[in-house]
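See structure below.
The values are calculated or read from the model by the stated rules, or taken from the named source; none is laboratory data. Here the structure is a predicted model, which means the values were calculated and not measured. A quick note on method: Cβ atoms are made from the backbone with ideal geometry, for glycine too, and the neighbour counts reach across all protein chains shown.
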């Protein structure tokens, strides 16, 4: 007759939990690794979801996520005849774009 010890089942449950956590983390890493310089806020929102907190500053903003990752956006002037625009003291700006990010600290 074979006996099932209670700790055997507990170890299996823990292993399953760690396996699922690793899969979820791999999916999350994949999202962060698809970020690219120049992405717009709507593109980042589709990829990573809504940020937990938004910090606005003079030259752009930073989105902070619950998992401790951050995405920085900067206002970038449009390319064109910059000497003419400077002479006319006129600039046109695009929407804020990704200028950098810090991935979360991964557990696994």
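When both residues are 6+ apart or on different chains and their Cβ atoms are under 8 Å apart, which pairs have a first residue that lies in region 55-83 and is more than 12 Å from residue 101 (Cα to Cα), and a second that is outside any strand (DSSP E or B) and modelled with pLDDT of 95 or more? Partner pairs satisfying both residue conditions: 66/52.
Being closer than 14 Å to residue 103 by Cβ and surrounded by 15 or more Cβ atoms within 10 Å (Cβ to Cβ) is the filter here; which residues of region 32-46 pass it? Result: 32, 35, 44. Scanning region 44-54 for residues that are outside any loop (DSSP other than H, G, I, E, B) and either within 23 Å of residue 106 (Cβ to Cβ) or at pLDDT below 95 (or both) yields 44, 45, 46, 47, 48, 53. Scanning for something surrounded by fewer than 12 Cβ atoms within 10 Å (Cβ to Cβ), within 11 Å of the chain's Cα centre (by Cα), in a loop (DSSP other than H, G, I, E, B) and modelled with pLDDT of 70 or more, does region 59-81 turn up at least one residue? Taking every residue of region 59-81 in turn, at least one turns out to be surrounded by fewer than 12 Cβ atoms within 10 Å (Cβ to Cβ), within 11 Å of the chain's Cα centre (by Cα), in a loop (DSSP other than H, G, I, E, B) and modelled with pLDDT of 70 or more.
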